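The values are calculated or read from the model by the stated rules, or taken from the named source; none is laboratory data. Keep in mind that what you see is a predicted model, and the values were worked out from it rather than measured. Surface areas here come from the heavy atoms of the whole protein model, side chains and all, with no ligands, DNA or RNA. Shrake-Rupley method; radii C 1.70, N 1.55, O 1.52, S 1.80 Å.
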Amino acid sequence: VFLYGFGSKKVVLSAFMTYLMEVDTEAAVVEVIGYSPHFTLKELLIQVSQAAGLTGEEEALNISGSKRSVAALAKRVVSELRKSDRSVFLFVHNIEGQNI
């Protein structure tokens, strides 16, 4: 689903994310703040990994500080997700953000 317009859907999207987490407690729900100048694809992969229960907080901190490439991290996350039965929902704010 793509919604257009600045900020007008944030409340609705937040309610929908909460609903998904209540209906499917196993689902990984990740909110991507694409308009943030500090957003990186590596951070997104870490967030997905944590939300899906693939890594703990300590391991995520080690990954974020490592020099591991984004491609290698993406392969690892995708491989682990394929092994699990968890659904992953990404809510992307500003899909045309400069770091996306």
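Select from segment 28-45 the residues that are open to solvent by less than 10 Å² (accessible area, probe 1.4 Å) and at pLDDT 85 or above and list them in ascending order. If you could, list the steps in order and put the result at the bottom.
Filtering segment 28-45 down to residues open to solvent by less than 10 Å² (accessible area, probe 1.4 Å) leaves 28, 30, 32, 34.
Residues satisfying the conditions are 28, 30.
What's the total number of residues in segment 1-25 that are modelled with pLDDT of 85 or more, open to solvent by 100 Å² or more (accessible area, probe 1.4 Å) and not aromatic (Phe, Trp, Tyr)?
2
Is one or more of the residues making up segment 68-90 at pLDDT below 65 and open to solvent by less than 70 Å² (accessible area, probe 1.4 Å)? It would help to see each step written out before you state the result.
Step one: filter segment 68-90 for residues at pLDDT below 65, giving none.
Within segment 68-90 (the criterion being at pLDDT below 65 and open to solvent by less than 70 Å² (accessible area, probe 1.4 Å)), the answer is no, since none of the residues qualifies.
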